[in-house]
1. Select, from Phe44, Phe40, the only residue that is at pLDDT 85 or above, closer than 30 Å to Val293 by Cβ and surrounded by fewer than 10 Cβ atoms within 10 Å (Cβ to Cβ).
2. For region 252-300, what are the residues that are touching a Leu at 6+ places or on another chain (Cβ under 9 Å), in contact (Cβ under 8 Å) with a residue 24 or more places away in the chain, part of a helix (DSSP H, G or I) and not aliphatic (A, V, I, L, M)?
3. Taking the conditions exactly as written (touching a Ser or Thr at 6+ places or on another chain (Cβ under 7 Å), within 26 Å of Ser280 (Cα to Cα) and in the same structural domain as Val234 (by TED's automatic domain parsing)), does Val102 satisfy them or not?
4. Answer yes or no: is there a residue in region 59-79 that is surrounded by 11 or more Cβ atoms within 10 Å (Cβ to Cβ), of a type in the set (Val, Ile, Thr) and at pLDDT 90 or above.
5. What about Ala14, is it hydrophobic (A, V, I, L, M, F, W, C), assigned to a helix (DSSP H, G or I) and at pLDDT 70 or above?
6. Could you list all residues from region 261-316 that are of a type outside the set (Ser, Thr, Tyr), surrounded by fewer than 17 Cβ atoms within 10 Å (Cβ to Cβ) and within 19 Å of Val102 (Cα to Cα)?
7. If Val87 satisfies every condition in (1) more than 15 Å from Ser292 (Cα to Cα); (2) loosely packed, with under 14 Cβ neighbours inside 10 Å; (3) more than 27 Å from the chain's Cα centre (by Cα) but one, which is the exception?
8. Tell me, yes or no, whether region 161-181 has at least one residue that is in contact with a helix residue (DSSP H, G or I) (Cβ under 8 Å, 6 or more places away or on another chain), closer than 16 Å to Arg260 by Cβ, modelled with pLDDT of 90 or more and crowded, with 18+ Cβ neighbours inside 10 Å.
Amino acid sequence: MTSTTPRAAERTLAETRRRSDDPKRRSGGGFRYRRAIAVFIVPFAALFTAFYLAPILYAVWESLLKIHRNGTFGAPTQVFGGFSQYVLVFQDSEFWASVLRVLLFGVVQVPIMLALALLFALLLDSPLVRGKRFYRLAFFAPYAVPGVIAAIMWGYLYSPQLSPFGFATSHVNFLGGGFVLWAVANVVTWVYVGYNMLIIYSSLLAIPSEIYEAARLDGASQFRVAWSIKIPLVAPAIVLTAVFSIIGTLQLLTEPTVFRQFTSTISSTFTPNMLVYSTSSIPNFNLAAAFSVVLAVATFILSIGFLRLTQRRAAQ
């Protein structure tokens, strides 16, 4: 019995190898594998194409058209205009003024918002803080408020005539020309700090506890653990929130649009998205599409540039 068992095992192994080397069997397994992949990819690809890729391609096509009239009172028709709409975009001073305005907004608001989000996440992850469930809900609750409602609420608080709590005084007009951009920044920060905090806090929870135990054995304080361990390990999450914030900054629309009901210092071209909306309302869909394409390309360049910069610094 002991002499036949190894031989039987060898025959079984050889038979298994022959079956695995069979081209028909391998092709059948590959087909099932590809079919399983298609089951998961096709629904996403269809929705991605219908609701993301197709609108982008349509906007690019619209930006290459222009309105042509036969005579002064001729019926308007769309004809191919090449890059004529993009020439108008680069000649539009209001567009570039709005872009510079949101870039200034982002340079100041994004670091402050992410610093607060990181601080709150570290506080929630600290063993010294009590009532973490309450604070986690309190920090995240503003994000659950729709942006329009948040802007209306803060608009009433800022308005000198409508504020019931004395936020707006005769000495400081938060809706005036010198403060209205930062009033908008305050609303955006109030809403999105909790969202970014949750991303960073989730990254903190993924850090192995063994690292903290080793740091405590070495006598590291809580501040030292946060500075030397937690912050470096959650750097990818911070970069992710920064990219999201850059994209959101260039897409700023809701808060300044609502604030237009409270102040005349915000024009219809205050931000690039507001300019796109007002241009399409004229209507001039071709120029609005060109504005949108240029804005999308600028957002892509800034996001990729920021990622490359952070990756290069991390590699050094």
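The values are calculated or read from the model by the stated rules, or taken from the named source; none is laboratory data. Every value quoted in this text rests on a predicted model; they were computed, and no experiment measured them. Here the Cβ positions follow ideal geometry from the backbone for every residue, glycine too, while neighbour counts run over all protein chains shown.
1. Numbers: Phe40 fails: closer than 30 Å to Val293 by Cβ.
Just one listed residue meets the conditions, Phe44.
2. Of everything in region 252-300, those that are touching a Leu at 6+ places or on another chain (Cβ under 9 Å), in contact (Cβ under 8 Å) with a residue 24 or more places away in the chain, part of a helix (DSSP H, G or I) and not aliphatic (A, V, I, L, M) turn out to be Pro256, Phe259, Pro272, Tyr277, Phe285, Asn286, Phe291, Thr299.
3. Yes, satisfied.
4. yes
5. On the way: hydrophobic (A, V, I, L, M, F, W, C): yes; assigned to a helix (DSSP H, G or I): yes; at pLDDT 70 or above: no.
Here the answer is no, as Ala14 does not meet what is asked.
6. Ala296, Val297, Ala298, Phe300, Ile301, Ile304, Gly305, Phe306 - these are the residues of region 261-316 that are of a type outside the set (Ser, Thr, Tyr), surrounded by fewer than 17 Cβ atoms within 10 Å (Cβ to Cβ) and within 19 Å of Val102 (Cα to Cα).
7. Status for Val87: all satisfied but (1).
8. Checking region 161-181: at least one residue is in contact with a helix residue (DSSP H, G or I) (Cβ under 8 Å, 6 or more places away or on another chain), closer than 16 Å to Arg260 by Cβ, modelled with pLDDT of 90 or more and crowded, with 18+ Cβ neighbours inside 10 Å.
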